[in-house]
Amino acid sequence: MVKVLITGGAGFIGSHLSKNFIEKGHDVAIVDMLHPYYSINRKKQQLAHVRQAGSFRFYEVNLLDEVKTKEIFEVEQPEVVIHLAAIPGVMQSLEKPLEYVDYDVKATINTLKAAGEVGVKRFMFASSSSVYGDHHEKAMKEEMANGKVISPYAAAKYSAEAFCHAYQSIFGYSLTILRFFTVYGPWGRPDMAIGNFIQSAIHHEPITIYGQHTARDYTYIDDIVRGIEAAMWHNHQNETFNLGSSAPVTIEQLTTIIQKHFPHLKIEREVSRIGDVRNTWADLTKAQQLLSYNPSVTIEDGIARTVEWAKGYEAP
Ligand SMILES: NC(=O)c1ccc[n+]([C@@H]2O[C@H](COP(=O)([O-])OP(=O)(O)OC[C@H]3O[C@@H](n4cnc5c(N)ncnc54)[C@H](O)[C@@H]3O)[C@@H](O)[C@H]2O)c1
């Protein structure tokens, strides 16, 4: 049993992870301010979903508040911190870049500091495939990130990674940086393509796709949760891992798969958007070798499971 503090535990990935950890008998505390980036009601539902697995402690606190953050760490004394809290979303980061410095960088610094001051053993940070910038046609290895990012969101994540290294060196805890590649599944974020497309399809609304032949390494949520857990158990001092599928799917392939469930889906096209990378593709060699991470859910299967969930969720 591990005493774990999960920040952003009311979010998409955090709620799945928290539920899974409670089911496995870990002692879970969640910190989440219920940020209105998307519906607060949805986040409360995600917390209710976690509660089905058993009890946990919940702190509705903004990690930008250094004093309150420190108090939580003093009360909880966690062994492991899994820091998922952030505002996501490339598009919004173009409009409100300074918020990303606050929520994705400054709040991370408060969390790193508080963790070090109470003697946390392992700090795990949720980073993103966006730190690889706009590369094409090849799978990205962990050492290929060089800071040449193309959105403020990615710049914030890359910067937060650097603060993770700084505080690892100051406090000596073990550090795990996990770079997630476009995560989807039940309760998937409503602002992301798959969640948005399926919701629109159910409500007989058209979907909009931006650009042509762009591709994403879509990764099913259960594979991500397995990867996080495998990384938590692995013995290392400071490592970065890609957690993806290593099977990029073009936007045309994705819409074809969704159309199998919704044959009447109407598609509208727009030019590609600034800040959006063309392709993402994870090289998983390191995660496979050190963590035995092997994603197992195909895009067809993952979409089928997500559609089934969405039909229940969206039903009147
Ligand atoms: N979903 C993906 O495809 C994906 C891909 C790469 C990286 N990530 C990263 O994984 C993490 C989780 O993503 P998600 O998709 O579950 O997002 P999400 O928005 O569903 O969850 C993030 C949670 O963090 C909370 N939060 C934000 N700022 C906070 C603060 N200052 N204090 C307390 N709580 C705060 C929000 O209320 C939210 O519930 C994020 O760091 C995100 O950048 C996600």
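The values are calculated or read from the model by the stated rules, or taken from the named source; none is laboratory data. All values derive from a computational prediction rather than experimental measurement. FYI the Cβ positions are ideal-geometry reconstructions off the backbone, even for glycines, and counts take in every protein chain you see. When the accessible area is computed, the model is the full protein with side chains, heavy atoms only, and any ligands, DNA or RNA have been set aside. Shrake-Rupley method; radii C 1.70, N 1.55, O 1.52, S 1.80 Å.
Observations
- For the chain, the longest principal axis of the C-alpha atoms and the axis of helix 66-76 are separated by about 80°.
- Seen from a random direction on average, the alpha-carbon convex hull of the range 66-176 projects onto 7.1 square nanometres.
- Solvent exposure of the range 83-206, expressed per residue, is 38 Å² of accessible area, with all protein chains present and a 1.4 angstrom probe.
- Altogether, the Stokes-Einstein calculation at 25 °C and 0.890 mPa s, with the Kirkwood radius of the chain over Cα pairs as Rh, returns a diffusion coefficient of 124 µm²/s.
- Per residue solvent-accessible surface (Å²) - the range 26-67, probe of 1.4 Å: 48 Å²
- Surface composition of the chain: carbon plus sulfur atoms contribute 51% of the solvent-accessible area (1.4 Å probe, protein chains only, all chains present).
- Once the Cα atoms are used to define both axes, helix 221-233 deviates from the longest principal axis of the chain by about 20 degrees.
- Global form of the range 155-300, assessed from the alpha-carbon gyration tensor, a/c cut-off 1.5: prolate
- Tail fraction, Cα-Cα pairs, the range 150-239, threshold 22 Å, whole percent: 48 percent
- Basic side chains Lys and Arg get +1 at the Cβ, acidic Asp and Glu get -1 at the Cβ, and with that the dipole of the range 1-144 about its Cα centre reaches some 460 debye.
- Counting Lys and Arg as +1 and Asp and Glu as -1 over every other residue whose Cβ lies under 15 Å from the Cβ of Thr285, the net charge comes to -1.
- Mean residue ellipticity (222 nm) of the chain, computed from DSSP H runs ≥ 4 via -39,500 (n - 2.57), nearest 500: -13000 deg cm²/dmol
- Fully extending the segment from Ala315 to Gln288 would add 5.8 nm, taking 0.36 nm per residue of separation and subtracting the current Cα-Cα distance.
- Backbone geometry of the range 263-275 corresponds, through the Karplus equation with coefficients 6.51, -1.76 and 1.60 at θ = phi - 60°, to 3J(HN,Hα) couplings of x, 8, 4, 9, 10, 10, 10, 10, 5, 5, 9, 4, x Hz, x marking Gly and Pro.
- Between His236 and Arg278, the simple spin-label model (points 7 angstrom out along Cα→Cβ) gives 3.0 nm.
- Global geometry of the range 1-71, whether rounded, prolate or oblate, following the gyration tensor of its Cα atoms and the 1.5 cut on a/c: oblate
- Sorting 81-89, 113-121, 59-67, 236-244 by their mean Cβ neighbour count within 10 Å, with the most densely packed peptide first, gives 81-89, 236-244, 113-121, 59-67.
- Each of Ile221, Thr256, Leu284 was scored by the projection of its Cα onto the charge dipole of the range 213-316, and the greatest displacement toward the positive side belongs to Thr256; charges sit on the C-beta of Lys, Arg, Asp and Glu.
- Mean projected area in nm² (Cα convex hull; one quarter of hull surface) for the range 1-128: 7.2 nm²
- In plain terms, the chain from Asp134 to His49 could stretch by 27.0 nm, reckoned as 0.36 nm per residue minus the Cα-Cα distance.
- Gyration tensor (Cα) of the range 142-198, equivalent ellipsoid semi-axes in angstrom: 28, 15, 10
- Between the residues Val101, Gly312, Tyr210, the greatest Cα displacement towards the positive end of the dipole of the chain, with unit charges on the Cβ of Lys, Arg, Asp and Glu, is found for Gly312.
- Degrees separating the helix 299-314 axis from the principal Cα axis of the chain, which is the longest one: 90 degrees
- Given +1 at the Cβ of Lys and Arg, -1 at the Cβ of Asp and Glu and no other charges, the dipole of the chain around its Cα centre is 220 debye to the nearest 20.
- Alpha-carbon centroid distance for the pair the range 169-223 / the range 288-302, whole angstrom: 16 Å
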